[in-house]
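The numbers here are math on the coordinates, done by the rules we state, and not lab data. In this text the structure is predicted, and so the values were computed from the model without any measurement. Virtual Cβ from ideal backbone geometry, glycine too; neighbours counted across all protein chains shown.
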Amino acid sequence: MGFEQFVFYVFAGLLLFAGAMVITVRNPVHAAMFLVMTFFTSAGLWLMLEAEFLAITLVLVYVGAVMVLFLFVVMMLDINLVPLREGFMRYLPVGILVALAMIIMMGLVVGPEFGAHPVPERHGPDYNNTAELGSILYTVYVYPFELAAVILVVAIIAAISLTLRRRPLVKHQDPDAQIAIRKQDRLRIVKMDSEKK
Amino acid sequence: MAEFIQGLGLPEALATFIIILIKIVAILMPLLLALAYLTFAERKVLNYFQARVGPLHVGPRGWLTPIADAIKMLFKEIIIPSGANRFLFLLSPVLAFGPAMAAWAVIPFDAELLLADVNAALLYVLALTSFAVYGIILAGWASNSKYPFLGAMRSAAQVVSYELAMGFALVGVIMAGQSLNLREIVLAQQGGLWMWFWLPLLPLFVIYFISGLAETNRPPFDLAEGESEIVAGYQVEYSGISFGLFFMAEYANMILISVLTSLMFLGGWLSPFEGIPYLEEWFAWVPGIVWLLLKTSFFLLLFLWVRATFPRYRYDQLMRLGWKVLIPITIVWLILLGGAIVGEVGPWFD
Amino acid sequence: MPFAIPNYNVAIPEMFVLGMACLVLIVDLFLTERSRTVTYLLSQATMVGAAVLTLTTYSQEVVLAFSGTFVRDAMGDVLKAFIYLSAFIVFLYAKPYLQARKLFKGEFYVLGLFGVLGMMVLVSAHSLLTVYLGLELLALSLYAMVALQRDSIFASESAMKYFILGALASGMLLYGMSMLYGATGSLDLGEISREVATTKMELVMVFGLVFIVVGLAFKLGAVPFHMWMPDVYQGAPTAVTLYIASAPKIAAFAMVIRLLNDGLYGLHMHWQDMLVILAILSMAVGNIFAIAQFNLKRMLAYSTIAHMGYLLLGILTGSGDGYAAAMFYTLSYALMSLGGFGMIILLSRAGFEADRLDDFKGLNERSPWYAFMMLILMFSMAGVPPFLGFWAKVSVLRELIHVDMTWLAIVAVVFSIIGAFYYLRIVKLMYFDKAEDNSEIKQDLDLHVALSANSLGILVLGIMPGPLMALCASAIGVM
């Protein structure tokens, strides 16, 4: 077993462990942290596949942003997980059935060709995964890529239009109005005769 | 050094491992020392700004103060609140400190002087700095107390928001440098003061630094701590070295942001006198790392200067600045920059 | 870096709509509440401009672009033209309705335009990737539009239902697509159809096909995947229901053709059986359940389910003529449904929704002209000659008989006779019952004109259906 295989098994083992912990620990914050760990270990595996861009993006997007917001929500909601788990034994047979079906289907797809593929060749040290990905994304897949961007725009518009509303009863400051204030609006200098005794 | 270890007749993998270990130590030891003295510098600078003299008594002219502080922190008791989540409470300072150190792996100090020449170095740094927020959030939650929790919530929203502006600023750097590799980005800035990216990317440069202030939770964006409102935010329940790790992480992140700003916008180790007759030759003997350290020190001073000058932002103002001012500016500038690069506008992009 | 500029010309209508949608989005930001009409006018200009761009470059030839992910052909162009037309009419009908309910916001039009873009992408998709992206773009816009009326519990509920079931359907579709990709190793529909013809892995493909058909049935609203339709149709603001019920059905037809014909024609034997079941169930459930409804929007939802059944009849023949008949059916359905929901908008006013059947009682006394228009629409939907809906049904049934499925045609006729009952009931209410509400119908002139034109168009097309049929046949390029 070479060094590389050793690293692979370490990452893979940690990944499976963390994945199992995500669905078994009782504390939702712990579960979220184990999910972070699964992201890290899978990023490690991707690095070994020479997909460093994807690996780092996985950490950047999922660990750096998505999971932070997720944690935010989990902490704020303070979910009690016990009622959520009550039906576990009842759903177990169905779950096993689905898992078996998926394994069989994967076997059908991969089975006949398993081992038929040669081991892919290693790229040299000057191979740049990011540049390769960029050049294919902006040429061959430019149309789907732009469409994905449009979908994100729609998602933003939808999210904002559904959440942004003016509630008349809430007091809030309007910085524009604060800055735009003039002396005449607030201050009135009155000429008065001094009082005479 | 490397030849010496390879000559010892150790197995290949082990020798490489030892060499890397030595390099790591060579980066981290000066860094930790710099951390300690940055705290000292901060106190001194702030004090001079406020017309005071600052620490004077430990060692000659107070020079041993940070050492005394470090010893004090190491020997103080770590108090764990009874309602706290013990595991996460102890884990979170480590999560804050770890990424702040790990990011240094890809920082080039000179054209040849770096630990790992990674293709996607910039993304790596961004990913690690974004990870630092976990320390703060978990600390706030694990303390099981009001003020830390408020601080953690503030910090989570703040860091995620400013990361966007920061990321967009970095996209500009990547476009201008045509690479994700920090070394290549610096090399793309060759040709003197006016070729450095601060000029063509001026708004991005400013925004990057502002977002850096927010990402490190430094004043005027230190709402996560906010001593006057929420007592010290996520740090309330921490003591001893567990507090010390947060403290060190904050300063390590400051240095990191300063180094990155110097590398990406101020030409890193390149001499400012490049292309100027006489001056260039007179200063040719100065090693690149000195220029880098000088630039970094300048930005560190700026960090302290800002702290001494500006009052803290209010929370809604902070969000407004991030989302409604900084992000739109970066996007507009990215479009202009794209035009300039495609149109090969000189002298930077021809 | 070698970089061949792709053939952008064929996608100019798409780019125009995208650009205009972004423009509307930004312009709307700077408009005051009173000058919001500018948003509306810009959206209508977009539809007109897109129609001009599409029709001036219309040709019979099939062009692939963007590395085979995009296809421009006659069927696509004709469908797109009708999508613009439907969206144009929707925007026009929706305006007074939205204004009366303080919903006249830029988002409706922006999301509507992005939805149109999604439909265009879907119509021109030539890769599983673009099918999915177009579908999501359309669906995401629709979810948000349904939820736009935030203070209505019904709208929020139906938006949630629509969103969750829609996401489930997308999941099914994706799962099927992933199996197809696993079996053929390609996302390109042309490549897939070649692989299907020579495959040894038929089992995996049929498995994938099942999921794809389920996903499609969800999107079309065919039984047993129709549960979302009545609730969404009823809960959404009528202006949005109008949108959902018209143009997206045209896009859904295109999606079915692209996936099942362009990609999986080799599995025709398999999907034909599945569609037969879906069609019979849809016609049965749609027509029978519609009888029990007292809410017009809900009734029209069940009527839509039934219509989708007839549409599937045309597709399942698997012949070019059958597709042309189904396309004819889709286009006629879109026109009729626009008219039907348009009538509800016409009779509604601020604070009042004319969506109960009782609201149509005695319409003849209030406005003989609109009672007649509604009569045309209802007769056409029921399939009474000589209206458009009759010819749509006839052409679909004729193609069924051509492929020796006479029994299915007989079943369809039986259900359409059952269905005639509830359409004619509305006619009875309008002409023979006393009005409960005698208020005058007050609406803008443009709504009067457009709605009358819509209904009369159905009459005219019913009297001479030849040109539209010929257009459909030539667009499909009858094989």
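Using Cβ point charges alone (K and R +1, D and E -1), the dipole size of the protein assembly as shown about the Cα centre works out to roughly 3640 debye. Annotation for segment C:388-477: trypsin sites (Lys or Arg not before Pro) lying in DSSP loop with at most 16 further Cβ atoms inside 10 Å of their Cβ are C:K434, C:K442. Cα centroid separation, segment C:383-399 to segment C:64-135: 27 Å. If you plug the beta carbon distance of B:Y278 and B:Q190 into 1/(1 + (r/R0)^6) with R0 = 25 Å, you get a FRET efficiency near 0.85.
Filter C:K105/C:K442; C:K105/C:K428; C:K249/C:K361 down to the pairs with a C-alpha to C-alpha distance above 27 Å, please.
C:K105/C:K428; C:K249/C:K361
Electrostatic bookkeeping for A:E50 treats Lys and Arg as +1 and Asp and Glu as -1; over the other residues with beta carbon under 14 Å from its beta carbon, the sum is -4.
The local environment of A:D185, defined by Cβ-Cβ distances under 15 Å, has a net charge of +2 under the rule Lys, Arg +1 and Asp, Glu -1.
Look at the Cα gyration tensor of segment B:200-350: its axes a ≥ b ≥ c give a/c of at least 1.5 with a/b at or below b/c, and that counts as oblate. Under a model in which nothing but the beta-carbon of Lys, Arg (+1) and Asp, Glu (-1) is charged, segment C:8-477 shows a dipole of about 680 debye around its Cα centre. For GluC sites (Glu not before Pro), the sites in segment C:1-73 that DSSP calls loop and that have at most 11 other Cβ atoms within 10 Å are C:E33, C:E61.
If you wrap a convex hull around the alpha carbons of chain C, what volume per residue comes out, as a whole number of Å³? Please list the in-between numbers first.
Values: hull volume 66.3 nm³, N = 479.
Hull volume normalised by residue count: 138 Å³.
Expressed in units of 2.2 N^0.38 Å, where N is the residue count, the Cα radius of gyration of chain B is 1.05. Placing +1 on the Cβ of every Lys and Arg and -1 on the Cβ of every Asp and Glu, with nothing else charged, gives segment B:211-350 a dipole about its Cα centre of roughly 320 debye.
Using a/c under 1.5 as the rounded threshold, could you call segment C:113-189 rounded, prolate or oblate? The axes a ≥ b ≥ c are square roots of the C-alpha gyration tensor eigenvalues, and prolate needs a/b larger than b/c, oblate otherwise.
Numbers: a/c = 5.86, a/b = 1.89, b/c = 3.10.
Oblate shape, in that a/c is at least 1.5 and b/c is the bigger or equal ratio.
Distance check, please: which entries in C:K80/C:K161; C:K80/C:K219; A:K171/C:K95 exceed 30 angstrom between their Cα atoms?
On the way: C:K80/C:K161 28 Å; C:K80/C:K219 18 Å; A:K171/C:K95 33 Å.
Checking Cα-Cα distances, A:K171/C:K95 exceed 30 Å.
Near C:R349, the amide H atoms lying under 5 Å from its own belong to C:A354; only residues 5 or more places off or on other chains count, and H is placed 1.01 Å from N.
Which of the three applies to the protein assembly as shown, rounded, prolate or oblate, going by the alpha-carbon gyration tensor with a ≥ b ≥ c and a/c under 1.5 meaning rounded?
Prolate, because a/c is 1.5 or more and a/b exceeds b/c.
For the segment C:136-148, counting C-beta atoms of other chains within 10 Å of every residue's C-beta and taking the mean gives 4. Whole-Hz Karplus values for segment B:202-214 come out as 3, x, 5, 4, 5, 5, 4, 5, 4, 5, x, 4, 6 Hz, taken residue by residue from phi with 6.51 cos²θ - 1.76 cosθ + 1.60 and θ = phi - 60°; glycine and proline positions read x. Each residue of segment A:33-41 was assigned a 3J(HN,Hα) from its phi angle through the Karplus curve 6.51 cos²θ - 1.76 cosθ + 1.60 (θ = phi - 60°); the sequence is 5, 5, 5, 4, 5, 5, 4, 4, 5 Hz, with glycine and proline shown as x.
Among C:G383, C:L363, C:G134, which residue has its Cα furthest toward the positive end of the charge dipole of the protein assembly as shown, with +1 on Lys/Arg Cβ and -1 on Asp/Glu Cβ? Value computed over the given set: C:L363. What is the list of residues in segment B:139-159 whose amide nitrogen lies under 20 Å from a point 7 angstrom out from the Cα of B:E77, following Cα to Cβ? Correct set: B:143-144. The calculated 222 nm mean residue ellipticity attributable to helices in chain B amounts to -20500 deg cm²/dmol, summing -39500 (n - 2.57) over DSSP H runs of n ≥ 4 and dividing by all residues.
Here's the list of aspartates and glutamates a cross-link from B:K324 could span, going by alpha-carbon distance under 20 Å and ignoring same-chain residues fewer than 8 apart: A:D174, A:D176, B:E163, B:E215, B:D222, B:D316, C:D28, C:E107. Each residue of segment B:259-271 was assigned a 3J(HN,Hα) from its phi angle through the Karplus expression (A = 6.51, B = -1.76, C = 1.60, θ = phi - 60°), giving 4, 5, 4, 4, 5, 8, 10, 10, x, x, 8, 6, 6 Hz with x at Gly and Pro. Rounded to 0.05, the FRET efficiency of the C:V403 and B:R320 pair, given R0 = 56 Å and the Cβ-Cβ distance, is 0.30.
So which GluC sites (Glu not before Pro) in segment C:393-479 end up in coil per DSSP with only 14 or fewer other C-beta atoms within 10 Å?
Working: sites: C:E399, C:E436, C:E440; in loops: C:E436, C:E440.
Filter output for segment C:393-479: C:E436, C:E440.
Along the charge dipole of the protein assembly as shown, Cβ charges K/R +1 and D/E -1, which of B:F17, C:A284, C:L338 sits furthest on the positive end? It is C:L338, whose Cα lies furthest towards the positive end.
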